[in-house]
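Beneath this line is the structure, given in structure tokens, with notes to follow.
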Amino acid sequence: IGIKAWTGRGTPLRGGLPSGHAALAFAAWIAITYIAGPSHRFLVSTLAFILALLVAQTRVESGVHSTLEVAYGGALGALVTLVVFQVIG
């Protein structure tokens, strides 16, 4: 929401840069990958990644976000979550 305010694009809950839905979906993908047990990590991570891609796709198809906004949101969510898990773990 802070980045949306800084860029002046969109509102906190609709449109703009970055996509909050994509950020949360890709953050969940990274978190699920870290939490999943080693025996099923690849399968669980792959399924979570596919779901994150579907969330991103629906944001673009519905016309709420551009592909670039969704890509920035996904990258931001994944990177922040990755940093958090690296610091905690």
What does the accessible area per residue of the stretch 15-55 come to in Å², with a 1.4 Å probe and no ligands, DNA or RNA counted?
57 Å²
What Rg and what Dmax come out for the stretch 10-89 when only alpha-carbon atoms are used, in angstroms?
13.1, 42
Give the calculated FRET efficiency between F42 and L68 to the nearest 0.05, with a Förster radius of 25 Å applied to their Cβ-Cβ distance.
0.25
Just to be sure I understand the model, the point goes 7 Å from the Cα along the line to the Cβ. What's the resulting V80 to L24 distance in nm?
1.2 nm
What FRET efficiency comes out for the pair L51/V87, r = Cβ-Cβ distance, R0 = 22 Å, nearest 0.05?
0.30
In the stretch 14-49, chymotrypsin sites (Phe, Trp or Tyr not before Pro) in a DSSP loop with at most 12 other beta-carbon atoms within 10 Å:
none
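The values are calculated or read from the model by the stated rules, or taken from the named source; none is laboratory data. Remember, predicted model here, so these are calculated numbers, not experimental data. All Cβ positions, even for glycine, are placed from backbone atoms using ideal geometry, and neighbour counts span all protein chains on display. SASA here: full protein model, heavy atoms, side chains in, ligands and nucleic acids out. Shrake-Rupley method; radii C 1.70, N 1.55, O 1.52, S 1.80 Å.
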